[in-house]
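> Submitted below is the structure of interest, expressed as structure tokens.
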Amino acid sequence: MSRAARLAIAALRRAAGGLLLLVGATFVIYITIRSAPGDAIDAISPMGTPPDVKARLMEEFGLDRDPFTGYIAWLMRSLFGDFGESLVFSPGAPVMEVVLPAFGRTLLLSASALVACLILAILAALLLGEPSRRQQLLTGPLYVATAAPSFVVAVVFVQFVNWGIKAFLVEGGYVPPSWYPLEMYTESLVPYVFAGLTLIAGDGLFMDFFNSVRADLNALRNAQFIAAVKAKGARTLGHIARNMVMPLLSGYAARLPIVLGGVVIVEYVFTLDGGGYVLLEAARERDFPVVVGLSVLFTATIIAVNLLTDIIRALVDPREVAHGG
Amino acid sequence: MSPLLSVEDLVIEFDTARGRRRVVDRVSFDLAPGEVLGILGESGSGKTMTTMAVLGLVAGEPGVMGGSITLRDGDDEIGLLSDLEQVISRKGKRVSKNCRKWRRMVHARMRPLWGRMMTAVFQNPRHSLDPLMTVGAQVEESIALALPDLTAAQRGEKAVDWLDRVQMNEPGRVHGSYPHELSGGMCQRAMIAVALARRPKLLIADEPTTGLDTTVRAEIVELFRALLEEERRSMMYISHDIREVLYLADRVIVMKGGRVVETETAENLRLGRGQRADYTAMLLSAADLPSGAAA
Amino acid sequence: MGDSRLRVGLYLSGTVVGLVLLLGVIAPFVPYDPADAVDYDQLLQAPGMGHIFGTDGQGRDVAMRLLKGTEAFFLPGLMAAALATVFGALCGAVSGYAGGWLRGGVLGTMQLIDTLPRLVFIILVCTILNPSIYLIAFVAAVLFVPSIATVIRRRVEALGSEDYILAHVAHGFRPVRILLYHILWLQCRPLLIRQATYVFGYVLFVEVALSYLGDYGVQEPDPSWGNMVAQARGLRGVSAWPWAVPAVAIVVTIAGFLAFGNLLARADEEEVR
Ligand SMILES: Nc1ncnc2c1ncn2[C@@H]1O[C@H](COP(=O)(O)OP(=O)(O)OP(=O)(O)O)[C@@H](O)[C@H]1O
Ligand SMILES: [Mg+2]
């Protein structure tokens, strides 16, 4: 069989696996809904929901049936992007319309923060090379700093900006409207840049990425085949770059779920109108369809990214398809 | 004839948990053009480190700490370690070395020499080839460096030709294969093709048969023999198997614990002429060869 | 190699871990009434005698709230760490050692759990169940089982073909004994230590984050490091102490636990060798 055919089959098989995972994960989410104590409908509807809305919810979430057929009915709607209507957050609007643009911003923010983090990690790894005693004096304390959860970093960040703005503005008699100083820039990219920096610095993301990139890079530089490439007088750059693609990509894919967790709280601290912020606001107001819709979107994203990584790996690494993963 | 390569008083040391350890201790030898030098010694005796020093590829710190290595490139004499003293500083008993600077200096010096003057085939063939490139592409990379004027099609032909010359069955198929699709012996043949296609003046073969099955080992040794008969070339052949070394080499040095304990022609060793160092005598008798009179 | 540095790091992080454990153990026995602690004569005092970390916006002693705040995550964190490690080790060992449907089933379940976005799923659970921190810690533990199981499975698979394990099999040791003692206890201990401290750090993170957000964690006036940090919102930069002290405590605790797990594992690995 040709390599292309084998690749296509492997990709199809992976895609089927991904779909199966999505079904399984949504089932877990659905079962979590059904596990609410007492009457599920009371657990998931906000205070004072009118009876007709409750009835609609009952039907939408299949609460009037047994868990299995209820799940099938709910899944069928969800797979076509119908997560019902928002209750409180944006009453009456279809969940997808409320959630998608916000989630897109979240995805863009997370993905680009992670790309920036990746580039920084590569640069730092190239610059620093093999770990040395002197470097450890520096990286030791840095390690402590980067153990900070991203929202702690965000709080500190906001406070500093706050102080800075105060120093400028109080003289003119202007006091910022709230503790949150970046409201003034809602139309600009500035808060997004700050949030991105917070994501990079928080949750040990950069340090973790840097350590693994450096370890991979150094292992590769010391690999025997690189010595052989050097010994024949060829340039090692191409060989090293090609062999770094997969570790970098896997590292990226493995960290995206972590960032998608961190971004929820970072968006909240910076009051960015993203999926995480919407999730928390909807959760606070018990706008249940919105929370569920977002949970499914987050899950689907993780599955999609893993799927994509698998396929790229099969394209880059000839050993993958051969072993029929 | 003046030697192609001469190594004098080479010292290599490494920092370990138990302090600094000297793994190559004042090793000296010469290699004449067209000569096959065998280096024999048990595991850990410093054979690989000696050859890595010649190649400028010692990994680990502080690495090369003394001695001189001279290569003769036509009429030029190149001292590979001539700047070594510049990066070594002595404070009382403490001797330290600026390894980063040294690595940069070595790279700058070796870049024009790697491949053209010498290249290497390493032990463990499975890790010697880039796993993400076809074998053919790797042979072609060598050919492109040796003969930059060839067209892509000519390079492809030449690569298949080289794979054929290292006695690969089905060279055409192997050309498009990835290393993981080949057996260990095939990988080693491919590696030899990659090295020879580069047309080096000196080929360094560091235990090219270690890690292979006995029958495959014999095949690889035969391949080297055939290649040498086809075209006389300078070579360092490292092994811990005395039979292999005696079969291929003109002259042999025997190493133990980082030192050279014996330098002798292969013929004298084969025939059991002359006085032998204890260790060499033991190796010879273990291989059922006439061991000569122990000194 | 870095023997002395390893020891220094181990002592430093060990001190942090020891201190947190000590605080966690004594905190429940210290009587504290949040309402009683309010003192409008002593608002926002800087650290000094009497209040080593100063007082917050309601005149409450920050040090005292820091101590009582450990109650919110200490036991749940330990419980989750224990649960996740035990189940992770078992799932990893089973999927690495067994074959057939058992292996397939465990692997599939692990993969399934691993696709759930951790924090988002925890928030979902919070919305539906309004759970106690113990239930949240339990969910966190379950969410961590796959990553631990994967690490262990790789190790078990690698060891399964090692000669000395085969020799144990040939000697007629029972598989359960080989798996539990020779493989899990002797060989995977460093990995498990590392993972356990990681889970503890994560539970701390979740508790603190939820309390910071304010809806599902510890509610004022009860103290949690998270709702202490949240005071930054109200203080508008007037005083940093009330939120900076718990923020530093969070960072140092998480870093301390992670580093302790890592270094202990390294030391253990070197000893095994
Ligand atoms: N980076 C390093 N750091 C510390 N010690 C090293 C390092 N590299 C090699 N050594 C030590 O140097 C000694 C000589 O190694 P070398 O690889 O030259 O042996 P060898 O004769 O080639 O043995 P073998 O037959 O096993 O290949 C060994 O004892 C090895 O442990
Ligand atoms: Mg060797």
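The values are calculated or read from the model by the stated rules, or taken from the named source; none is laboratory data. Quick caveat, the model's predicted, so the values are computed rather than measured. All Cβ positions, even for glycine, are placed from backbone atoms using ideal geometry, and neighbour counts span all protein chains on display. Ligands, DNA and RNA are stripped out before the accessible areas are found, and what is left, the full protein with its side chains, is counted by its heavy atoms. Shrake-Rupley method; radii C 1.70, N 1.55, O 1.52, S 1.80 Å.
> Looking at residue B:204 and the list (1) within 28 Å of residue B:267 (Cβ to Cβ); (2) at pLDDT 90 or above; (3) out of contact with any helix residue (DSSP H, G or I) (no Cβ under 7 Å at 6 or more places or on another chain), which single condition is not satisfied?
For residue B:204, the failing item is (3).
> Among (1) open to solvent by 60 Å² or more (accessible area, probe 1.4 Å); (2) touching a strand residue (DSSP E or B) at 6+ places or on another chain (Cβ under 7 Å), where does residue B:104 come up short?
(2)
> Output the residue which, of all residues in segment A:116-140 that are closer than 22 Å to residue A:262 by Cα and open to solvent by 60 Å² or more (accessible area, probe 1.4 Å), is farthest from the other protein chains (Cβ to nearest Cβ).
Result: A:119.
> Starting from segment A:231-247, take each residue that is of a type in the set (D, E, K, R) and list its partners that are open to solvent by 30 Å² or more (accessible area, probe 1.4 Å) and in a helix (DSSP H, G or I), counting only C-beta distances under 9 angstrom and pairs at least six apart or across chains.
From segment A:231-247, the pairs are A:232/B:141; A:232/B:145; A:242/A:316.
> Any residue in segment B:65-72 that is closer than 30 Å to residue C:270 by Cα and at pLDDT below 90?
Start the filter on segment B:65-72 by keeping residues that are closer than 30 Å to residue C:270 by Cα, which leaves B:65.
Still in the list and also at pLDDT below 90: none.
No - not one qualifying residue is present in segment B:65-72.
> Any idea which of C:84, C:89, C:140 is more than 13 Å from every other protein chain (Cβ to nearest Cβ), within 30 Å of residue A:279 (Cβ to Cβ) and modelled with pLDDT of 90 or more? Steps first, answer last, please.
Details: C:89 fails: within 30 Å of residue A:279 (Cβ to Cβ); C:140 fails: more than 13 Å from every other protein chain (Cβ to nearest Cβ).
Residue meeting the stated conditions: C:84.
> Can you work out which of the residues in segment B:211-238 that are within 16 Å of ligand 1 (Cβ to nearest atom) and open to solvent by 40 Å² or more (accessible area, probe 1.4 Å) is nearest to residue B:130 (Cα to Cα)?
The residue in question is B:211.
> Report the residue count in segment B:116-129 for those that are part of a loop (DSSP other than H, G, I, E, B) and surrounded by fewer than 23 Cβ atoms within 10 Å (Cβ to Cβ). Break it down stepwise before answering.
Step one: list which residues in segment B:116-129 are part of a loop (DSSP other than H, G, I, E, B), which gives B:116-117, B:122-124, B:128-129.
Remaining after also requiring surrounded by fewer than 23 Cβ atoms within 10 Å (Cβ to Cβ): B:116-117, B:123-124.
Going through segment B:116-129 one residue at a time, the tally reaches 4.
> Of all residues in segment B:53-69, which are open to solvent by 30 Å² or more (accessible area, probe 1.4 Å) and either in a strand (DSSP E or B) or within 16 Å of ligand 2 (Cβ to nearest atom) (or both)?
We begin by selecting, within segment B:53-69, every residue open to solvent by 30 Å² or more (accessible area, probe 1.4 Å); these are B:58-61, B:67-68.
If the condition is that a residue be open to solvent by 30 Å² or more (accessible area, probe 1.4 Å) and either in a strand (DSSP E or B) or within 16 Å of ligand 2 (Cβ to nearest atom) (or both), then B:58, B:59, B:60, B:67, B:68 are the ones that fit.
> Right, another one. Run residue A:286 past the list (1) more than 9 Å from every other protein chain (Cβ to nearest Cβ); (2) outside any helix (DSSP H, G or I) and report the number of the one that doesn't hold.
Only one criterion is unmet by residue A:286, namely (1).
> With the condition kept exactly as written, say whether any residue in segment B:1-9 is within 12 Å of ligand 1 (Cβ to nearest atom) and surrounded by 16 or more Cβ atoms within 10 Å (Cβ to Cβ).
If we filter segment B:1-9 for residues that are within 12 Å of ligand 1 (Cβ to nearest atom), which is where we start, we get none.
Scanning segment B:1-9 turns up no residue that is within 12 Å of ligand 1 (Cβ to nearest atom) and surrounded by 16 or more Cβ atoms within 10 Å (Cβ to Cβ).
> Looking at residue B:190, is it more than 13 Å from the chain's Cα centre (by Cα), more than 16 Å from ligand 1 (Cβ to nearest atom) and of a type in the set (A, V, I, L, M, F, W, C)? Quick ask: steps written out before the conclusion?
On the way: more than 13 Å from the chain's Cα centre (by Cα): yes; more than 16 Å from ligand 1 (Cβ to nearest atom): yes; of a type in the set (A, V, I, L, M, F, W, C): yes.
So residue B:190 passes the test.
> OK, next. Restricting to segment B:210-240, what's the tally of residues that are in contact (Cβ under 8 Å) with a residue 40 or more places away in the chain and within 16 Å of ligand 2 (Cβ to nearest atom)?
Summing the residues that are in contact (Cβ under 8 Å) with a residue 40 or more places away in the chain and within 16 Å of ligand 2 (Cβ to nearest atom) in segment B:210-240 gives 8.
> Does segment C:8-16 contain any residue that is farther than 24 Å from residue C:261 by Cα and free of Cβ contacts under 8 Å to residues at least 24 places away in the same chain?
no
> Would you be able to say whether some residue in segment C:247-259 is within 27 Å of residue A:153 (Cβ to Cβ), surrounded by 19 or more Cβ atoms within 10 Å (Cβ to Cβ) and away from every other protein chain (no Cβ under 13 Å)? Break it down stepwise before answering.
Let us first name the residues in segment C:247-259 that are within 27 Å of residue A:153 (Cβ to Cβ), namely C:247-259.
From the residues that got through so far, the ones that are surrounded by 19 or more Cβ atoms within 10 Å (Cβ to Cβ) too are C:247, C:249-251, C:253-259.
Restricting the remaining residues to those that are away from every other protein chain (no Cβ under 13 Å) gives none.
Checked against the condition, which is being within 27 Å of residue A:153 (Cβ to Cβ), surrounded by 19 or more Cβ atoms within 10 Å (Cβ to Cβ) and away from every other protein chain (no Cβ under 13 Å), segment C:247-259 yields no hits at all.
> Right, something else. Just give me the residues in segment B:10-29 being open to solvent by 40 Å² or more (accessible area, probe 1.4 Å), part of a strand (DSSP E or B) and within 11 Å of ligand 1 (Cβ to nearest atom), in sequence order. Spell out how you get there, then give the answer.
First, the residues of segment B:10-29 that are open to solvent by 40 Å² or more (accessible area, probe 1.4 Å): B:15-18, B:20-22, B:26, B:28.
Applying the additional criterion that residues be part of a strand (DSSP E or B) yields B:15-16, B:20-22, B:26, B:28.
Correct list: B:15, B:16, B:20, B:21, B:22.
> Same structure again: Test each condition in (1) in contact with a Pro (Cβ under 9 Å, 6 or more places away or on another chain); (2) within 12 Å of ligand 2 (Cβ to nearest atom) for residue B:33 and report the one that comes out false.
(2)
> Go through (1) open to solvent by 10 Å² or more (accessible area, probe 1.4 Å); (2) within 16 Å of ligand 2 (Cβ to nearest atom) one by one and return the number of the condition residue B:147 breaks.
Condition not satisfied by residue B:147: (2).
> Further question on the same structure: Given the options B:260, B:194, B:174, B:166, name the one that is under 16 Å from residue B:47 (Cβ atoms) and buried (at least 19 other Cβ atoms within 10 Å of the Cβ).
Working: B:194 fails: under 16 Å from residue B:47 (Cβ atoms); B:174 fails: under 16 Å from residue B:47 (Cβ atoms); B:166 fails: under 16 Å from residue B:47 (Cβ atoms).
That would be B:260, the only listed residue that is under 16 Å from residue B:47 (Cβ atoms) and buried (at least 19 other Cβ atoms within 10 Å of the Cβ).
> Right, here's the next one. Would you mind stating whether residue B:252 is open to solvent by less than 30 Å² (accessible area, probe 1.4 Å) and in a strand (DSSP E or B)? Even if it seems obvious, please write down each step before you answer.
Working: open to solvent by less than 30 Å² (accessible area, probe 1.4 Å): yes; in a strand (DSSP E or B): yes.
Here the answer is yes, as residue B:252 does meet what is asked.
> Report the residue count in segment B:70-93 for those that are assigned to a helix (DSSP H, G or I) and either within 11 Å of ligand 1 (Cβ to nearest atom) or open to solvent by 30 Å² or more (accessible area, probe 1.4 Å) (or both).
Adding up the residues that qualify gives 2.
> Also, I was wondering about something else. Among the listed residues B:255, B:191, identify the single one that is within 16 Å of ligand 2 (Cβ to nearest atom), within 12 Å of chain A (Cβ to nearest Cβ) and hydrophobic (A, V, I, L, M, F, W, C). Let's see the steps before the verdict.
Values: B:255 fails: within 12 Å of chain A (Cβ to nearest Cβ).
Within the list B:255, B:191, the selection yields B:191.
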